[in-house]
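The next block holds one structure in the form of structure tokens; read it before the comments.
The values are calculated or read from the model by the stated rules, or taken from the named source; none is laboratory data. Predicted model only: the values in this text are computed from it and were never measured. Please note: Cβ atoms are built from the backbone with ideal geometry, for glycine as well, and neighbour counts cover all protein chains shown.
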Amino acid sequence: MPTDTGPVIDSHHHLWDLSMGRHPWLAPVGGVTALGDLTYLRRDYLVEDFRRDAAGTGVVGSVHVEALWDPARDPVEETAWLDSLPLRGGVAERCVAGCPLQDPRAEEILAAQARHGRVAGIRQTIRWHPDPAQRWSAEKYWETDAWQRGLSLLPRHGFLLELLMNPWAAQDVARLAAEHPGLTIVVNHCGSPMDRDAAGIARWRDGLAAMGAQKNIHLKLSNVPRYLSSPSAAVAHEVLDPCLEAFGAARCLWGSDYPVARRDTSYAHALDIFRGGIARLPAADQRALLHDNAARLYRFA
């Protein structure tokens with residue numbers, strides 16, 4: 001099949017101004033953290049930086065995803081900051097915001113987020129690991145009554161639920177989707193197949209199958225190069241084939257994860273890798289993955 005060269009919606013990127021001091025996870029505290037060496041990320045990434053990276057790639061719109069705003073502060077601040085930027089060219093036309101759903105003020109925070117017209121959903125982190133040193137939280141807070149109450153408020157505002165998770169949490173995500181069939185869930189970063197040994201890949205694929213069986217779960221094929229044996233379209237099948245097998249083209253969508261993905265390749269090359277990896281698919285499926293699915297899920301005009 002010919003490679004799709006039509007319009008693209010980037011369903012996943014971030015913006016930040018480090019002078020604001022709102023992203024403690026990016027603060028220089030010795031270079032290497034549980035997330036790896038973040039030195040390359042410790043600089044501002046604003047609208048013009050994104051536009052420069054995406055120039056000439058066919059991107060006509062994008063979804064800004066909350067960038068782990070300081071949890072000690074009001075997450076609506078990030079959305080208000082986004083609204084204050086000189087947004088143009090479709091950049092951050094829609095956004096996925098933050099809200100600690102277990103917070104007693106969750107209803108108030110969600111209502112405030114909903115007053116910002118670009119907000120289409122709320123992101124949560126559901127990352128579990130048998131090794132406590134690799135957990136992002138001391139407990140499975142997503143199993144608490146408080147979090148479940150907050151979750152039940154999302155449909156009231158027409159919000160989808162976006163999840164940053166890992167394969168160890170896939171069964172929890174599948175169960176969550178089964179318990180809330182009316183809730184649209186979008187899993188980030190291909191389900192984050194960080195462990196590339198045989199056991200890790202098997203765990204990831206089993207998780208994809210469990211989540212893919214729930215028809216209200218969608219999968220972002222974001223930051224694909226990070227999980228490949230080399231940044232090349234020739235090996236894109238390593239990640240794309242299991243994802244598409246589990247979810248189908250109708251429930252997958254492309255995202256750059258810039259500037260986080262800058263570690264592995266340029267924006268244009270990342271998109272070329274993805275386009276090459278899906279070139280064998282029918283033209284309608286390629287368009288869906290690159291544009292139409294994101295336009296529908298995030299309610300682009």
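Selection of the stretch 88-109 for residues being within 14 Å of Gln148 (Cα to Cα), within 21 Å of the chain's Cα centre (by Cα) and not polar (S, T, N, Q) yields Cys99, Pro100, Leu101. Within the stretch 212-238, the set of residues being of a type in the set (A, V, I, L, M, F, W, C) and in a strand (DSSP E or B) comprises Ile217, Leu219, Leu221.
One residue stands out among those in the stretch 130-160 that are loosely packed, with under 12 Cβ neighbours inside 10 Å and among the hydrophobic types (A, V, I, L, M, F, W, C): the one that is nearest to Cys99 (Cα to Cα), which is Ala138.
Within the stretch 87-106, restricting attention to residues that are basic (Lys, Arg) and surrounded by fewer than 21 Cβ atoms within 10 Å (Cβ to Cβ), the residue that is farthest from Arg123 (Cα to Cα) is Arg88.
A quick yes/no check of all residues on (1) of a type outside the set (Asp, Glu); (2) under 21 Å from His116 (Cβ atoms):
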site	(1), (2)
Glu143	no, no
Leu153	yes, yes
Glu162	no, yes
Asp172	no, no
Ala178	yes, no
His189	yes, no
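Here Val76, Val96, Val63 are screened, and the one residue that is touching a residue at least 60 places away in the same chain (Cβ under 8 Å) and within 19 Å of Arg22 (Cβ to Cβ) is Val96. A search for C-beta distances below 9 Å between a residue of the stretch 240-254 that is on the phi > 0 side of the Ramachandran plot and any residue that is at pLDDT 95 or above, counting only pairs 6+ apart in sequence or on different chains, returns Gly248/Gly212; Gly248/Asp285. Taking the conditions (1) touching a strand residue (DSSP E or B) at 6+ places or on another chain (Cβ under 8 Å); (2) closer than 22 Å to Leu164 by Cβ in turn, Asp70 satisfies each one other than (1).
Among the residues that make up the stretch 103-123, is at least one of them under 25 Å from Arg299 (Cβ atoms), assigned to a helix (DSSP H, G or I), modelled with pLDDT of 95 or more and acidic (Asp, Glu)? Among the residues of the stretch 103-123, at least one is under 25 Å from Arg299 (Cβ atoms), assigned to a helix (DSSP H, G or I), modelled with pLDDT of 95 or more and acidic (Asp, Glu), which makes the answer yes. Of the set (1) more than 29 Å from Gly56 (Cβ to Cβ); (2) surrounded by fewer than 15 Cβ atoms within 10 Å (Cβ to Cβ); (3) of a type in the set (Ser, Thr, Tyr), all apply to Thr125 but (2). Among the residues of the stretch 151-200, those identified as in a helix (DSSP H, G or I) and more than 28 Å from Ala111 (Cα to Cα) are Pro167, Trp168, Ala169, Ala170, Gln171, Cys190, Gly191, Ala198, Ala199, Gly200.
Rundown of residues vs (1) more than 30 Å from Thr5 (Cβ to Cβ); (2) of a type outside the set (Val, Ile, Thr); (3) under 16 Å from the mean Cα position of the chain (by Cα); (4) surrounded by fewer than 16 Cβ atoms within 10 Å (Cβ to Cβ), yes/no style:
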| residue | (1), (2), (3), (4) |
| --- | --- |
| Pro167 | yes, yes, yes, no |
| His180 | yes, yes, no, no |
| Ile185 | yes, no, yes, no |
| Lys220 | no, yes, yes, no |
| Pro225 | no, yes, yes, no |
| Ala236 | no, yes, no, no |
| Ser256 | no, yes, yes, no |
| Asp264 | no, yes, no, no |
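Just one of the numbered conditions (1) surrounded by fewer than 18 Cβ atoms within 10 Å (Cβ to Cβ); (2) assigned to a loop (DSSP other than H, G, I, E, B) is not true of Ala209: (2).
Can you tell which of Leu271, Leu281, Leu253 is outside any helix (DSSP H, G or I), modelled with pLDDT of 95 or more and in contact with a Ser or Thr (Cβ under 7 Å, 6 or more places away or on another chain)? The conditions single out Leu253. Selection of first residues in the stretch 151-166 that are touching a residue at least 60 places away in the same chain (Cβ under 8 Å) and of second residues that are of a type outside the set (A, V, I, L, M), restricted to Cβ pairs under 7 Å at least 6 apart or on distinct chains, gives the following pairs, ordered by first then second residue: Leu160/Gly121; Leu160/Thr184; Glu162/Gly121; Glu162/Arg123; Glu162/Asn188.
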